[in-house]
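Engineer: First the structure, then my questions, so here it is.
The values are calculated or read from the model by the stated rules, or taken from the named source; none is laboratory data. Remember, predicted model here, so these are calculated numbers, not experimental data. All Cβ positions, glycine included, derive from the backbone under ideal geometry; neighbour counts span all protein chains shown.
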Amino acid sequence: MKFDSGKAWPHPVLRPPKHGDDYPQAEFQVEIEVDRVKGSTAVEVCAEFELSEPDLLVLVERDSARFVLLIKAPTTHYRQLLQSRKPKIREAFSAGELSGRVEFSPFLVCVRALPSFQAQGWHPDFAGRTFDLSAGAVLAEDEPKDYWIDTADETPLGSIFGHKSRPDLPDGCWEYELAEERIWIVMSTTDATRYRAAREHANNQPEGQYFMNGLYLPALVAVLNEVDGSTLEYQDCRWFASLDQRLDAVGCQPLGEKSSNRLKDAQKLLESPFPRMPMIVAAEAEV
């Protein structure tokens, strides 16, 4: 079971809009949170699914379909498939099971045969048609989510950030939240869709990470300035040690030094993304 953006399914599947419009008015998304035991790779994973398609929700209520999370950790060769009738899956993993880059792939899957299945939310091209689905057939899928799990001094800076949407925010106006596990960049629903598209595009080019770093820059400056004034409040957060060690590694003042120029420090932490922009443009021109 693997996400393939170009896959042609034999039946309608609810996917991210840029990969298909079998269900043009519906959404299927998941938010992943990983609570890590400090200084260890023991973790608790929480996946919260959002499904808006009424006919698919009925299948879940009847236990004809379930939310599924496929977890793969290439470093430890660990794989597990979790499933639930409820839109939230929570699972604990012992130290060493999940380490390094871990991929979380979300699906909605049939758990029993569905003869003559039909949904009102299908694209008009499927009007009047029915499909015989077998147990195990994929009904919906979201793009895989990557998470880096390791001790703080090995954690890439980008992994301390997460993003989520808030419907009341206007487009183009981002906020941030300092949570215990991650630093959340909060944006409007429209901006969140644009952000996911930009991130996927950036992942397909060598210098793409610097484009994404440019988006993180203003949030990182704001975070550094806030934490400098409230180190006691945030020093037990899981991202604090990683951020402080990164500052030291690039020759910047530690957290709590209010006299530091955090705009310059943020650019160092993000590997000076703006001088690399011409390289990204050049790569685009070659495509």
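Engineer: Determine, yes or no, whether E257 is modelled with pLDDT under 90 and in contact with a strand residue (DSSP E or B) (Cβ under 7 Å, 6 or more places away or on another chain).
Structural biologist: Values: modelled with pLDDT under 90: yes; in contact with a strand residue (DSSP E or B) (Cβ under 7 Å, 6 or more places away or on another chain): no.
No: the conditions fail for E257.
Engineer: Quickly run through region 223-270 and pick out the residues that are under 17 Å from E177 (Cα atoms) and touching a Phe, Trp or Tyr at 6+ places or on another chain (Cβ under 7 Å).
Structural biologist: V223, V227, Y234, F240 - these are the residues of region 223-270 that are under 17 Å from E177 (Cα atoms) and touching a Phe, Trp or Tyr at 6+ places or on another chain (Cβ under 7 Å).
Engineer: Within region 116-138, can you find the residues that are in contact with a Cys (Cβ under 6 Å, 6 or more places away or on another chain) and closer than 23 Å to P24 by Cβ?
Structural biologist: Quick first cut of region 116-138, residues in contact with a Cys (Cβ under 6 Å, 6 or more places away or on another chain) only: 133, 135, 137.
Once the filter is applied, which keeps residues that are in contact with a Cys (Cβ under 6 Å, 6 or more places away or on another chain) and closer than 23 Å to P24 by Cβ, region 116-138 yields L133, A137.
Engineer: Here's another thing I want to ask about it. Taking the residues in region 127-144 that are of a type outside the set (V, I, T), touching a residue at least 24 places away in the same chain (Cβ under 8 Å) and assigned to a strand (DSSP E or B) as candidates, determine which candidate is surrounded by the fewest Cβ atoms within 10 Å (Cβ to Cβ). Let's see the steps before the verdict.
Structural biologist: Taking region 127-144 and keeping what is of a type outside the set (V, I, T), we get 127-129, 131-137, 139-144.
Checking the rest, the ones that are also touching a residue at least 24 places away in the same chain (Cβ under 8 Å) come to 131, 133-137, 139-144.
Subset that is assigned to a strand (DSSP E or B): 131, 133, 139-141.
On the way: F131: 17, L133: 21, L139: 29, A140: 25, E141: 27.
Across region 127-144, the extreme among qualifying residues is F131.
Engineer: Shifting gears a bit: For the condition at pLDDT below 90 and acidic (D, E), what is the one hit in E226, E177, E154?
Structural biologist: Values: E226 fails: at pLDDT below 90; E177 fails: at pLDDT below 90.
So the residue among E226, E177, E154 that is at pLDDT below 90 and acidic (D, E) is E154.
Engineer: Being at pLDDT 95 or above, loosely packed, with under 15 Cβ neighbours inside 10 Å and in a loop (DSSP other than H, G, I, E, B) narrows it down to one residue among D63, D4; which is it? Walk me through how you get there before you give the answer.
Structural biologist: Working: D4 fails: at pLDDT 95 or above.
Checking each option against the conditions leaves just D63.
Engineer: Within region 77-126, work out how many residues are touching a Pro at 6+ places or on another chain (Cβ under 6 Å) and crowded, with 17+ Cβ neighbours inside 10 Å.
Structural biologist: Step one: of region 77-126, the residues touching a Pro at 6+ places or on another chain (Cβ under 6 Å) are 103, 105, 122-123, 126.
When the remaining residues are screened for being crowded, with 17+ Cβ neighbours inside 10 Å, the result is 105, 122.
Selection size over region 77-126: 2.
Engineer: A further question follows. Scan region 245-268 residue by residue and report those that are part of a helix (DSSP H, G or I), without any contact (Cβ under 8 Å) to a residue 40 or more places away in the chain and buried (at least 20 other Cβ atoms within 10 Å of the Cβ). Reasoning before the result, please.
Structural biologist: Taking region 245-268 as the starting set, the residues that turn out to be part of a helix (DSSP H, G or I) are 245-249, 262-268.
Add one more test, that the residue is without any contact (Cβ under 8 Å) to a residue 40 or more places away in the chain, and what stays is 247-249, 264, 268.
Within region 245-268, just L247 meets the criteria.
Engineer: Scan region 102-115 and tell me whether some residue there is in contact with a helix residue (DSSP H, G or I) (Cβ under 9 Å, 6 or more places away or on another chain), within 20 Å of V30 (Cβ to Cβ) and either assigned to a strand (DSSP E or B) or assigned by TED's automatic domain parsing to the domain that holds A241 (or both).
Structural biologist: Checked against the condition, which is being in contact with a helix residue (DSSP H, G or I) (Cβ under 9 Å, 6 or more places away or on another chain), within 20 Å of V30 (Cβ to Cβ) and either assigned to a strand (DSSP E or B) or assigned by TED's automatic domain parsing to the domain that holds A241 (or both), region 102-115 yields at least one hit.
Engineer: Still on this structure, I have one more. Given the options L70, L14, name the one that is farther than 27 Å from S99 by Cβ, hydrophobic (A, V, I, L, M, F, W, C), modelled with pLDDT of 90 or more and under 19 Å from the mean Cα position of the chain (by Cα).
Structural biologist: Working: L70 fails: farther than 27 Å from S99 by Cβ.
Just one listed residue meets the conditions, L14.
Engineer: Of the residues that make up region 102-115, is at least one within 24 Å of E33 (Cβ to Cβ) and either without any contact (Cβ under 8 Å) to a residue 40 or more places away in the chain or over 19 Å from the mean Cα position of the chain (by Cα) (or both)?
Structural biologist: Start the filter on region 102-115 by keeping residues that are within 24 Å of E33 (Cβ to Cβ), which leaves 102-109.
From what is left, the residues that are either without any contact (Cβ under 8 Å) to a residue 40 or more places away in the chain or over 19 Å from the mean Cα position of the chain (by Cα) (or both) are 109.
Checked region 102-115: at least one residue is within 24 Å of E33 (Cβ to Cβ) and either without any contact (Cβ under 8 Å) to a residue 40 or more places away in the chain or over 19 Å from the mean Cα position of the chain (by Cα) (or both).
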